1. Students often forget the sequence filter, so: which aspartates and glutamates lie under 18 Å Cα-Cα from B:LYS58 once same-chain residues fewer than 8 apart are removed?
2. Fewest first, what order do A:VAL195, A:VAL56 take by the number of other Cβ atoms within 10 Å?
3. Which is farthest toward the positive dipole end of chain B among B:THR9, B:SER101, B:VAL34, measuring Cα position about the Cα centre, with Cβ charges +1 (Lys, Arg) and -1 (Asp, Glu)?
4. Whole angstrom only: what separates the Cα centroid of the range A:30-93 from the Cα centroid of the range A:143-166?
5. Over the Cα atoms of the protein assembly as shown, what is the Rg over Rh ratio if Rh follows Kirkwood?
6. Per residue of A:220-228, count partner chain C-beta atoms within 10 Å of its C-beta, then hand back the mean as an integer.
7. What percent of all Cα-Cα pairs in chain B falls into each 10 Å bin, going from 0 up to the bin containing the maximum distance?
8. Dipole magnitude of the range A:6-103 about its Cα centre, charges +1 at Lys/Arg Cβ and -1 at Asp/Glu Cβ only, in debye to the nearest 20?
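Values quoted throughout were computed directly from the atomic coordinates according to the rules given, and no laboratory measurement underlies them. Note that the structure is a prediction, hence the values are computed from the model and not measured. Here the Cβ is made from the backbone with ideal geometry for all residues, glycine too, and neighbour counts use every protein chain on show.
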Amino acid sequence: MEDKQQMSVSVWRGGATGSFQSYSVKVEDNQTVLDVVAWIQQYADPTLSYRYACRVGMCGSCAMMVNGTPRWTCRTHVNKVLVDGKMEIAPLRNLPVIKDLATDMDPFFEKWVAAEGFHHPTQTRHDPIEPISPTSEDRVEANAGIECINCSVCYAACDTVAGNPDYLGPAALQRAWSVYNDSKDANKLAILDAVSGVGGCHNCHSQGSCTVHCPNELNPMAAIAGLKRETARNFFKRRK
Amino acid sequence: MIRGYRTHTLWLAFLLHRVSGVALALFLPAHFWVLSYALNKPESLDGFLNWADMGIVKLAEFGLVFLLAVHMFGGLRLMALEWLPWTSGQKTAAAGAVGLSTLLAGVFLLRAI
């Protein structure tokens, strides 16, 4: 008879090659997937490697594949993902595995830089602060993406990233779109050049997995569509 | 394999768009080949048209009209997504494309039988 007090958790052990190892973990009320991983590491196998920091959905460190779907584990309740008393936890997809559940996030962050997803200043610290209306059209568009916590859930959910390792991915492109709409940014052309290259926004097939799985309910697909429009508009402008 | 993270409306719309596109690409050469009979072998074309009157072929044509329509409406949705100002309700638009295509193909089938 199935023991309702225990769940069977399959956890990826190893690097790029490895296998799933099964652990029996006590079912608790109000238990998150991260709680389960922490319990295994503390009480069953101290060699298990994983990454987390804040445990409250702010830092974006603890994302993993749970039953094949990328999720922020600190805000995912076990009772939401447990199927017949079983659960599978694996490292994030589309990123190199360092060990067990910890992935190398370098390619993800390098793409933010490659997409020019950083501020290009217009002024110095000695200039007065420029007032920006929070209701202006550009600011509303920029605000739509700024709650990104860099968790890489969208990156792991994206089949275009899986098929083309050069593709910048939803998070980096969304960041580029936010910076592009920032009226204080000085080099919008550099952003459009960066996102219209080989791995740029035009690779996106609008599958929408990024938007479906974003834990903060952001819409990278809309941001990428915005970049597609602006790069096309800029292309025809230059031809004039 | 359709994994958990893919089972949502827009990913399925993507899959349908690809499958319908490949199916139409395979169909079109055969379509033009049959049309060429009108110029070269009219008697063969008549034979083919008699064969195409069979119920099972009409049913296959229902599928063909559906694929054609869903590829067109799906393509229009994608072009609107990429060229017009962003509109929410993409899932509704994708579902609407499937609904409209089913309606069109159904009307075709009812007129054909």
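1. Once the sequence-local aspartates and glutamates are set aside, what remains near B:LYS58 is B:ASP46.
2. Values: A:VAL195 26, A:VAL56 8.
Arranged by neighbour count, lowest to highest, A:VAL195, A:VAL56 become A:VAL56, A:VAL195.
3. B:THR9
4. Centre-to-centre (Cα) distance: 19 Å.
5. Working: Rg = 25.5 Å, Rh = 23.6 Å.
Here the Rg-to-Rh quotient is 1.08.
6. Working: counts 0, 4, 5, 1, 2, 10, 3, 1, 3.
Average per residue, whole number: 3.
7. 13, 34, 31, 16, 7, 1
8. On the way: 10 positive and 7 negative charges, 55 e Å.
The calculation lands at about 260 debye.
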